[in-house]
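Below is one structure, written out as structure tokens, with a few remarks after it.
The values are calculated or read from the model by the stated rules, or taken from the named source; none is laboratory data. Computed from a predicted model, the values in this text were never measured in an experiment. Note: ideal-geometry Cβ built from the backbone for every residue, glycine included; neighbour counts use all protein chains shown. Side chains are part of the model used for accessible areas, which takes the heavy atoms of the whole protein and leaves out ligands, DNA and RNA. Shrake-Rupley method; radii C 1.70, N 1.55, O 1.52, S 1.80 Å.
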There are 2 protein chains.
Amino acid sequence: MNVTLDELELLHGHICQALGDPKRILILYALHDQPRNVTALAEALGMPQPTVSRHLGLLRQRALVTTTREGASVIYAVSDPRIIHIVDTMREMLRDILSHHQTRLSEPSASQDETED
Amino acid sequence: MNVTLDELELLHGHICQALGDPKRILILYALHDQPRNVTALAEALGMPQPTVSRHLGLLRQRALVTTTREGASVIYAVSDPRIIHIVDTMREMLRDILSHHQTRLSEPSASQDETED
DNA sequence: TCCATCTATTCGGGTATGCGAATACATCTA
DNA sequence: TAGATGTATTCGCATACCCGAATAGATGGA
């Protein structure tokens, strides 16, 4: 094992945490589909503008999106397509997982269904 | 864009959230290096046993690790190596980000020597 | 310079999540 | 069955995070 908690905490703070909200992932997909400014994004995704701006601020701070001024607007774009690839891989994994255990896993709740042990 | 918030929320609940803690990633790496039981893992990583058990319970609930009884012990193992590949890709991204622009990760204020968030 | 538009930040509150300690539960062996 | 070892859960608390509304800050055109 050549990985330290230190590095993982850094990784967590920069990338994992950024993916820690479904709306941010949705924003990344939307920007990957087409770069946009905050207002257009907010309208397209049906979210309040401050919320989108806050998410974008976080993503930009972590260098996962880039910004370009265009008149009074700020155009956001995905900076590294690998982040999309990562999420795509996660989606494939999820699909496999769900197809294998079709019966549970649907609700990560603390209910104690009969354990399969 | 063929991704819905619904799917991403499911994805978040199953996988992203599982990666949302550095210690869990460390646990995944450790298990990928070698499957182990709770106690051995706790000792190797220097964490309290209940903490490790709780993390493992979460990972198992999401099918990211598998369990095998071995006498009185329960051996945990990574169920899908793609999760490791994902984290490795994230680490590469992080390395690129950090090396690329040491000066651009910060914004408004004129602080450049810092790699803080 | 004033105004319209776009973007970023603050505020208060609700929720989720992680933790350590203690404890309950399970399994194996003698 | 009792004891030893390994595992899982509960409890109380602290922290981190997200959100909507309101507001402040920036930018470009008339």
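Enter the Cα centre distance for the pair region B:50-85 and region B:1-34, rounded to the nearest angstrom.
For region B:50-85 versus region B:1-34, the Cα centre distance is 13 Å.
Shielding by partners for A:16-29, please: the mean number of other protein chain Cβ atoms within 10 Å of each residue's Cβ.
Working: counts 12, 6, 2, 10, 6, 6, 13, 4, 3, 8, 7, 0, 2, 5.
Mean inter-chain Cβ contacts per residue within 10 Å come to 6.
Quick check: net charge around residue A:51, other residues with Cβ under 11 Å of its Cβ, Lys/Arg +1 and Asp/Glu -1?
Working: positive: A:23, A:24, A:54; negative: A:21.
So the surrounding residues net to +2.
Output the peptides A:68-79, A:34-45 sorted from most to least packed, where packing is the average of other Cβ atoms within 10 Å over each peptide's residues.
A:34-45, A:68-79
If one takes the accessible area of chain B alone plus chain A alone and subtracts that of the pair, with a 1.4 Å probe, what total in Å², rounded to the nearest 100, results?
4700 Å²
I'd like to check one number: the per residue accessible area of region A:12-100, probe 1.4 Å, reported in Å² as a whole number.
44 Å²
What distance in nm separates the two pseudo spin-label positions at residue A:6 and residue B:54, each 7 Å out from Cα along the beta-carbon direction?
Label at residue A:6, label at residue B:54, 2.7 nm between them.
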